[in-house]
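Working notes, beginning with the structure itself.
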Amino acid sequence: MEKILVSRCLLGHPVRYDGGGFDPQAQLLRWQAQGWVVPVCPEVAGGLSTPRPPAEIAGGQGALVLDGVLPVLTDDGADVTEAFVRGAEQALQLVARHGIRYALLKARSPSCGNHENYDGRFNGTRVAGEGVTAAALRRIGVKVFNEDEIRLLIAELRE
Ligand code: SF4
């Protein structure tokens with residue numbers, strides 16, 4: 001059975017920085033009922049509390065956080081890089097444990113985003129870039145999709 005790593009907030013778990021979650025898409029609920037879903041919230045797994053201050057990658061590139069080049073900072077300037085990297089490591093452990101090849105993660109999150117990110121100025125400016133966990137997953141060959149790409153993921157799974 002193919003397991004899919006899924007952002008917990010997309011499953012409705014109240015783990016977002018503001019204490020919320022999202023209404024799960026029907027397809028996710030079906031996968032969950034079939035036992036395909038491995039939930040993860042890298043920020044909570046990395047030791048951060050909920051709710052928590054919003055955080056952005058200074059420069060928006062999660063891969064450079066993994067390389068120790070860029071920090072992840074909260075809107076009040078606290079450095080939460082270590083927790084974000086620890087969360088990515090937890091996700092990699094789940095991937096190894098379950099033989100995961102695909103992930104469906106929340107778009108535009110400093111942990112989970114797969115294409116775009118906020119640029120670290122907390123003014124809503126987006127840049128091309130991945131979250132820290134998304135970058136770590138891509139590096140080991142896991143294909144990362146976001147909640148708007150669920151049809152693409154279904155097509156991959158059918159091949
Ligand atoms: Fe957690 Fe990722 Fe959702 Fe943020 S986007 S709340 S890190 S699962």
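Some notes on this structure:
- Meets criteria (of a type in the set (D, E, K, R) and under 14 Å from Leu105 (Cα atoms)) for Arg8: yes
- In this entry, Gln90 is excluded by the filter for residues that are among the polar types (S, T, N, Q), in contact (Cβ under 8 Å) with a residue 60 or more places away in the chain and not in a strand (DSSP E or B).
- Exactly one residue out of Val95, Val127 is more than 13 Å from the ligand (Cβ to nearest atom), surrounded by 13 or more Cβ atoms within 10 Å (Cβ to Cβ) and part of a helix (DSSP H, G or I), and it is Val95.
- Selection status of Ala136, surrounded by fewer than 18 Cβ atoms within 10 Å (Cβ to Cβ) and away from the ligand (no atom under 12 Å from the Cβ): no
- Test: Arg108 is in contact with a helix residue (DSSP H, G or I) (Cβ under 8 Å, 6 or more places away or on another chain) and surrounded by fewer than 19 Cβ atoms within 10 Å (Cβ to Cβ): no
- Candidate set from segment 54-90 (those that are away from the ligand (no atom under 16 Å from the Cβ) and on the phi > 0 side of the Ramachandran plot); member that is farthest from the chain's Cα centre (by Cα): Gly77
- Qualifying strands (runs of 3 or more DSSP E) (wholly inside segment 37-83; at least 1 residues being at pLDDT 95 or above and surrounded by fewer than 18 Cβ atoms within 10 Å (Cβ to Cβ)): 37-40, 72-74
The values are calculated or read from the model by the stated rules, or taken from the named source; none is laboratory data. None of the values given here were measured: they were computed from a predicted structure. Every residue, glycine among them, receives a Cβ derived from its backbone with ideal geometry; neighbour counts consider all protein chains shown.
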